[in-house]
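Structure, as structure tokens:
Please treat every number below as a calculation from the coordinates, not as lab data. What you are looking at is a predicted structure, and each value in this text was computed from that prediction instead of being measured. Neighbour counts run over all protein chains shown; Cβ positions are idealised from the backbone, glycine included.
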Amino acid sequence: MTDRFVRSAQVVAQVNGLPDYPFVVIDHPVANNDDEVLRAKAQIAVRQIVPILLQRTAQSAQ
């Protein structure tokens, strides 16, 4: 999600009983970005999400 929506996502996670739910956050906005900017944002997102996925995988294996 973009940084503009972090607080809303945190509230939704809290309401659903997942206060520590991890989020991947990129800079807002996205709509008017060109391909180069979007690619850079996607790379940032991947760098954030890989550790989250690996952590969840490790927890599932326990």
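How large is ³J(HN,Hα), in whole Hz, for each residue of region 13-29 in order, when computed from phi with the Karplus curve 6.51 cos²θ - 1.76 cosθ + 1.60 and θ = phi - 60°, using x for Gly and Pro?
4, 4, 4, 8, x, 10, x, 9, 4, x, 10, 9, 10, 10, 5, 8, x
Using alpha carbons only, how many degrees (0 to 90, rounded to 10) separate the axis of helix 35-61 from the longest principal axis of the chain?
10 degrees
For every helix of n ≥ 4 consecutive DSSP H residues, a contribution of -39,500 (n - 2.57) applies; sum these over the chain, divide by its total residues, and give [θ] at 222 nm rounded to the nearest 500 deg cm²/dmol. Walk me through the intermediate numbers first.
Details: 2 runs with 37 residues, N = 62.
The per-residue figure over the chain is -20500 deg cm²/dmol.
Compute, for region 3-61, the length of the dipole vector about the Cα centre, with Cβ point charges of +1 (Lys, Arg) and -1 (Asp, Glu) only. Units Debye, rounded to 20.
About 200 debye.
Grab the Cα-Cα distance for Thr2 and Leu54, subtract it from 0.36 nm times how many residues apart they are, and report the gain in nm with one decimal. Provide the component values of the computation, followed by the final result.
Numbers: separation 52, 0.36 × 52 = 18.72 nm, distance 2.20 nm.
Taking 0.36 nm per residue and subtracting the Cα distance, the gain is 16.5 nm.
Amide H neighbours of Ile26 under 5 Å, at least 5 residues apart or on other chains, H built in the peptide plane: list them.
Residues meeting the amide H criterion: Thr2, Asp3.
For region 7-62, run through the trypsin sites (Lys or Arg not before Pro) and keep only the ones in DSSP coil with at most 12 other Cβ atoms within 10 Å of their Cβ.
Working: sites: Arg7, Arg39, Lys41, Arg47, Arg56; in loops: none.
Taking region 7-62 and a limit of 12 other Cβ atoms within 10 Å, no loop trypsin sites (Lys or Arg not before Pro) are found.
Once the dipole of the chain is set up with Lys and Arg at +1 and Asp and Glu at -1 on Cβ about the Cα centre, which of Thr2, Val46, Gln14 lies farthest towards its positive end?
With unit charges placed on the Cβ atoms, the residue in question is Gln14.
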